[in-house]
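Everything below concerns the one structure shown next.
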Amino acid sequence: MLATRASLHLAIHSPNRPPTTHPPLDTHSWVRNFLAILYVHLAQQSSSVPKDIYGNTHTVVPNSWDPEMNVNAPAFQDKFGIVVGRSDALFGSDQWKLGIQIIHGTTGPTLAHAPMMVAPVKVILSETSITLTRAFTSMGLDPITVKEIGIYTLAQGFYYMILRDVLPVPITLEHNQVLAVTYCITTWV
């Protein structure tokens with residue numbers, strides 16, 4: 001039997017202080033878009049019509065030359081990769097975007113988005129895992145609070161949310177603090 005688990009790890013880095021880490025959180029928040037896009041990739045059939053982060057539906061078609069689910073966003077990109085937001089609205093599997101996304105920026109209520117880091121697949125005995133990490137830096141003078149975290153993917157020219165978690169305890173970042181967000185997705189037999 002194959003089992004899958006995703007866990008969310010958070011750390012806050014402050015100048016001249018050791019990082020503050022939070023206990024890992026198990027995530028069960030995969031949204032319907034994830035399975036719709038995965039189905040197209042696995043079945044090579046185009047019957048999935050997920051909703052993008054703007055609320056529009058698109059038919060995702062099998063395409064061997066285009067990455068089916070790209071999360072490896074460069075710095076400054078806030079349309080795909082790990083993203084953060086300010087909403088604490090309850091999770092629902094039919095959601096298609098964060099409630100209130102915190103966009104990339106260096107002033108005001110924004111966070112500087114570092115490039116995504118996608119680690120190579122790690123295999124230990126019957127366990128296989130992949131780790132996705134992104135850092136967010138508070139550059140504005142006012143504190144900014146993160147209440148939700150998600151993963152947006154770029155698939156065939158459109159952006160789709162595939163995962164969303166609402167934090168049990170919001171995280172407030174002061175000027176120059178960095179929030180490091182890591183998702184570890186593990187399967188085992």
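The values are calculated or read from the model by the stated rules, or taken from the named source; none is laboratory data. Fair warning: this is a prediction, and the values are worked out from it, not measured in the lab. We place every Cβ from the backbone using ideal geometry, glycine too, and count neighbours over all the protein chains shown.
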For this session: Please determine, by comparing only the residues of the stretch 28-67 that are assigned to a loop (DSSP other than H, G, I, E, B) and small (G, A, S), which one is modelled with the highest pLDDT.
Result: G55
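Test T131 against the criterion of being of a type in the set (S, T, N, Q) and either free of Cβ contacts under 8 Å to residues at least 12 places away in the same chain or within 23 Å of L35 (Cα to Cα) (or both), and give yes or no.
Numbers: of a type in the set (S, T, N, Q): yes; either free of Cβ contacts under 8 Å to residues at least 12 places away in the same chain or within 23 Å of L35 (Cα to Cα) (or both): yes.
So T131 passes the test.
Return the residue satisfying two criteria in turn: it lies in the stretch 21-36 and is more than 16 Å from R134 (Cα to Cα) and hydroxyl-bearing (S, T, Y), and of such residues it is surrounded by the most Cβ atoms within 10 Å (Cβ to Cβ).
First, the residues of the stretch 21-36 that are more than 16 Å from R134 (Cα to Cα): 23, 25-36.
Add one more test, that the residue is hydroxyl-bearing (S, T, Y), and what stays is 27, 29.
Working: T27: 20, S29: 22.
Step by step, filter the stretch 21-36, then rank; the result is S29.
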Problem set entry | Condition broken by G140, with the remaining ones in (1) at pLDDT 90 or above; (2) more than 16 Å from the chain's Cα centre (by Cα); (3) surrounded by 16 or more Cβ atoms within 10 Å (Cβ to Cβ) satisfied | (1)
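Say whether the condition of being buried (at least 20 other Cβ atoms within 10 Å of the Cβ), assigned to a strand (DSSP E or B) and in contact with a Lys or Arg (Cβ under 9 Å, 6 or more places away or on another chain) is met by at least one residue in the stretch 122-131.
Taking the stretch 122-131 as the starting set, the residues that turn out to be buried (at least 20 other Cβ atoms within 10 Å of the Cβ) are none.
Checked the stretch 122-131: no residue is buried (at least 20 other Cβ atoms within 10 Å of the Cβ), assigned to a strand (DSSP E or B) and in contact with a Lys or Arg (Cβ under 9 Å, 6 or more places away or on another chain).
Could you tell me whether the stretch 84-92 includes any residue that is within 13 Å of L8 (Cβ to Cβ) and assigned to a loop (DSSP other than H, G, I, E, B)? Write out each step before concluding.
Step one: list which residues in the stretch 84-92 are within 13 Å of L8 (Cβ to Cβ), which gives 84, 91.
Retained after the next criterion (residues that are assigned to a loop (DSSP other than H, G, I, E, B)): 91.
The answer is yes, given that some residue of the stretch 84-92 is within 13 Å of L8 (Cβ to Cβ) and assigned to a loop (DSSP other than H, G, I, E, B).
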Seminar exercise, completed: Of the conditions (1) part of a loop (DSSP other than H, G, I, E, B); (2) in contact with a strand residue (DSSP E or B) (Cβ under 7 Å, 6 or more places away or on another chain); (3) within 13 Å of D78 (Cβ to Cβ), the single one that P115 does not satisfy is (2)
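Name the single residue, out of those in the stretch 169-189 being over 17 Å from L8 (Cβ atoms) and either at pLDDT below 90 or in contact with a strand residue (DSSP E or B) (Cβ under 9 Å, 6 or more places away or on another chain) (or both), that is surrounded by the most Cβ atoms within 10 Å (Cβ to Cβ).
Here is the first cut: in the stretch 169-189, the residues over 17 Å from L8 (Cβ atoms) are 172, 174-177, 188-189.
Now restrict to residues that are either at pLDDT below 90 or in contact with a strand residue (DSSP E or B) (Cβ under 9 Å, 6 or more places away or on another chain) (or both): 172, 174, 176-177, 188-189.
Numbers: T172: 13, E174: 13, N176: 12, Q177: 21, W188: 14, V189: 9.
Once the filter is applied, the top-ranked residue is Q177.
Do you know which of the residues in the stretch 145-165 that are among the β-branched types (V, I, T) and at pLDDT 95 or above is nearest to L35 (Cα to Cα)? Explain how you work it out, then say what you get.
Looking only at the stretch 145-165, we keep the residues that are among the β-branched types (V, I, T), and these are 145-146, 149, 151, 153, 162.
Narrowing the set further to residues that are at pLDDT 95 or above leaves 145-146, 149.
Values: T145: 30, V146: 26, I149: 19 Å.
Filtering first and then ranking leaves I149.
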Problem set entry | Single unsatisfied condition, E127 versus (1) touching a His at 6+ places or on another chain (Cβ under 8 Å); (2) within 18 Å of H9 (Cβ to Cβ) | (1)
